[in-house]
Amino acid sequence: MRELPVLDVTAPSPSRGRAAPAAGSRVAEFVTDDVVMPRFHVWTLGCQMNHSDSEEMAGSLLAAGCSEAPDLATADLVVINSCAIREAAEQKVIGRMGVLQRLKDGNPRMRVVLTGCSVRADNGPELHRRYPAIDLFLRPDEEPELTARLGLAGATSPGALAAKGMGLLPMSRAAAVAHGSVARGSAVSAWLPVIYGCDKTCTYCIVPFSRGPERSRPFDDVLAEARALADSGVREVTLLGQNVNSYGHDLPVEPRFAGVDGTRTLGRALDLVGRPDFAALLRAIDGIRTSDGVPRIPRLRFVTSHPWDLTDRLIGAMAECPSVCEHLHLPVQSGDDGVLRRMGRQYTIDAYLRLVERLRAAIPGIALTTDVICGFSGEGDAAFEATLELLRQVRFDQVFAAAFSVRPGTPAARLPDDVLPAEKRGRLNALLELQEGIGLERNEAWVGRTTQVLVEVVREPRSHAHEPTEGEAVADATGTRVAGRNRQHKLVHLDGSADDVGRLVSVMIERAGPYALSGRRLD
Ligand code: SAM
Ligand code: SF4
Ligand code: F3S
């Protein structure tokens, strides 16, 4: 096992006056009663995967005896879970280095850890220059080492995991779930990672470099976590992976998966027969039922699906499993085949449109959302117009768009970044304006319909009347507003109270905006 340098964040207890363990000593032997444990704050940027990882890191720190601080300024230990998808995401953290250094000058005990996608195997020296206030850098696959590397006892110490002969990430997750130490942000809606890393080669994307190759969690580990979530009363589970459709290709062949055929291509020659796939996983989680045969997790979602290997087996499972919600996030990135080719996306617009057709035929009323990159290398006016045309044709429910940001080290960094920044911004604005109109029309089609909303949050009552935006209706002077989502992932505002959080409520939709709906509850 490799030796881990340990950053000591514990301090001698003022009441007991006993010395903290020396820096560099092994952690598991620490008696945490004897030292003052740091108050920590986790600052999470980026996607759902990062938020899920942060729940695990926060849980491991709590399990080690630390307490949580509400903000950076009151923490002795700051863990920044970074995102590197675009330069702007990295700048958010780089821009805080001065503040963090001043906080450290005022609190000599304070330590700052940078984790997440900005930390890669290949950018070590550059990290110290870009992030001077950081004491410890951990790559995403090293995050389970957090408590150990801080000199804190923890359930997920690398030694314990290595002894079990399993990869750190999948194994640590199972251990954290078994110990009940995942600090979930919501009791209603839960993240459930099923596959780590990404084997795709989208030329613009840093994720495969940050998160490494694909590693599926064992089928039964995922099922056990889903069962535990059902037992704890969670109403909605979102399965996570950069490309969930790849799930299982790296797991062993087992007789119980003999029915899984090899129709997935995953873009390369893989022996997939008899290994679990994502369709089998969806069916198994949907199969966690009450004695009356009702899914114990009423809502099952997943992100993200790469269009390349979204199989008919998966579409069939989505259509047939009552818990799987009628929503799919299917990133298209561009409406132009030439751009898609340079992006390495491995599908054509024609293939994408046929997929949309199959999905809409199999799952009536399915909501589709997507991601688009504006101003990729070589994207001319005609290519951008093709993307607008695609949006008009598909009529997505929502589009997440961003200007292309060159990521050093990715294949696209060797292509000319030849769309001027002003042009990228102009295209982005034009695209968002078009989509706002489409989103509004699609949402207006909900007015007058009844829909089932899972209430997730209480909205603060407004003290004065305001012009409603985004489909939000004005609450009366005393009424509380709550918000949640329907199965199609539409955000819905309604009257309600904190007691409603976690409930499935029938709502008659009365107003619509481009990004949200509002309505009146019927029960
Ligand atoms: N795995 C997913 C997929 O297949 O699309 C999502 C990956 S990424 C976390 C989320 C989105 O960020 C991508 O869909 C893409 O639109 C955007 N993105 C990735 N790299 C980018 C870059 N260099 N510049 C701008 N946007 C980028
Ligand atoms: Fe990035 Fe492509 Fe992997 Fe998504 S599928 S994470 S866009 S490389
Ligand atoms: Fe960002 Fe990493 Fe997610 S780059 S979007 S946090 S996978």
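The values are calculated or read from the model by the stated rules, or taken from the named source; none is laboratory data. Note that the structure is a prediction, hence the values are computed from the model and not measured. Cβ: placed from backbone, ideal geometry, glycine included. Neighbour counts: every protein chain shown.
Structure above, values below:
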{"read-out": "Any chance ILE80 is under 22 Å from the mean Cα position of the chain (by Cα) and away from ligand 1 (no atom under 16 Å from the Cβ)", "value": "yes"}
{"read-out": "Single condition THR348 does not satisfy, out of (1) in contact with a helix residue (DSSP H, G or I) (Cβ under 6 Å, 6 or more places away or on another chain); (2) free of Cβ contacts under 8 Å to residues at least 12 places away in the same chain; (3) surrounded by 18 or more Cβ atoms within 10 Å (Cβ to Cβ)", "value": "(3)"}
{"read-out": "Filter pass, ALA58 being more than 10 Å from ligand 3 (Cβ to nearest atom), out of contact with any helix residue (DSSP H, G or I) (no Cβ under 8 Å at 6 or more places or on another chain), not assigned by TED's automatic domain parsing to the domain that holds SER405 and not in a helix (DSSP H, G or I)", "value": "no"}
{"read-out": "Number of the exception - ALA178 against (1) away from ligand 3 (no atom under 16 Å from the Cβ); (2) closer than 27 Å to HIS489 by Cα", "value": "(2)"}
{"read-out": "Residue among ALA226, ALA175, ALA258 that is away from ligand 2 (no atom under 12 Å from the Cβ) and more than 30 Å from VAL294 (Cβ to Cβ)", "value": "ALA175"}
{"read-out": "Tally, over the range 339-377, of residues that are outside any helix (DSSP H, G or I) and over 17 Å from CYS205 (Cβ atoms)", "value": "8"}
{"read-out": "Residue in the range 300-312 that is surrounded by fewer than 16 Cβ atoms within 10 Å (Cβ to Cβ), acidic (Asp, Glu) and touching a Lys or Arg at 6+ places or on another chain (Cβ under 8 Å) present", "value": "yes"}
{"read-out": "Of residues in the range 195-237 being in contact with a helix residue (DSSP H, G or I) (Cβ under 7 Å, 6 or more places away or on another chain), within 14 Å of ligand 1 (Cβ to nearest atom) and not in a loop (DSSP other than H, G, I, E, B), the one farthest from ASP309 (Cα to Cα)", "value": "SER210"}
{"read-out": "Pairs, first part of a loop (DSSP other than H, G, I, E, B) in the range 293-309, second β-branched (Val, Ile, Thr) and more than 16 Å from ligand 3 (Cβ to nearest atom), C-beta under 9 Å, six or more apart", "value": "ARG296/ILE288; ARG296/THR290; ILE297/VAL234; ILE297/VAL237; ILE297/ILE285; ILE297/ILE288"}
{"read-out": "Any hit, the range 255-265, residues being over 21 Å from the mean Cα position of the chain (by Cα), surrounded by 22 or more Cβ atoms within 10 Å (Cβ to Cβ) and either of a type outside the set (A, V, I, L, M, F, W, C) or away from ligand 3 (no atom under 15 Å from the Cβ) (or both)", "value": "yes"}
